1. Where does each of 8-16, 23-31, 69-77 land if you order them by average Cβ count within 10 Å, highest first?
2. Residue by residue, what Karplus-based ³J(HN,Hα) values in Hz, rounded to whole numbers, does the stretch 15-32 have, using 6.51, -1.76 and 1.60 with θ = phi - 60° and x for Gly and Pro?
3. Based on the Cβ-Cβ distance from ARG10 to ASN33, what FRET efficiency comes out when R0 is 30 Å, to the nearest 0.05?
4. For a test of the definition: using alpha carbon positions, the gyration tensor, and the 1.5 limit on a/c, classify the stretch 1-67 as rounded, prolate or oblate.
5. Name the long-range amide H neighbours of PHE76: under 5 Å, sequence gap of 5 or more, or other chain; modelled H, no Pro or chain starts.
Amino acid sequence: MTVEVEIWVRKPFFVSAVQVTEENMETIAAWCNGKITAYKGEEDNRYIKVFVKNPMTPRQTKAFVGDWVLKSRDSFKVYKHESFLKVFDKTELVEVPEETTPKQEAEDDEAIDLTRLIES
């Protein structure tokens, strides 16, 4: 008996994303309702404390300079620069398409979180 295999491609998962810099840290903190905090009391080493639904580690709630803050519908996520570039490609779209469903986003979030675990 022969198995007929089909080739499938995963549906795109669109997010709004911005990379944190020293210059835009306050603006991003306001955008994501985050709070700028000094890392271990070091005023020169600050990060944005971001409310993230179901973070797998405390680090996933801290956006340091160079990290990316992503918004999908009403939730935010934090990615290290290297992980972000492995998972996302830039698009020329100017806004997130509406056809992304909440169920699809939840499934994509789970898959992305698994990807981050594998990369760590």
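Only the coordinates and a few stated rules stand behind these numbers; no lab work does. A quick note: this is a predicted structure, and the numbers were derived from the prediction, not measured. Here Cβ is always computed from backbone atoms with ideal geometry, including for glycine, and neighbour counts include all displayed protein chains.
1. On the way: 8-16: 12.7, 23-31: 14.3, 69-77: 17.9.
Descending packing order for the listed peptides: 69-77, 23-31, 8-16.
2. Taking θ as phi minus 60°, the curve returns 9, 9, 9, 9, 8, 7, 10, 4, 6, 9, 4, 5, 5, 5, 4, 5, 4, 9 Hz for the stretch 15-32.
3. Working: r = 30 Å, r/R0 = 1.00.
After rounding to 0.05, the efficiency reads 0.50.
4. prolate
5. The answer is LYS53.
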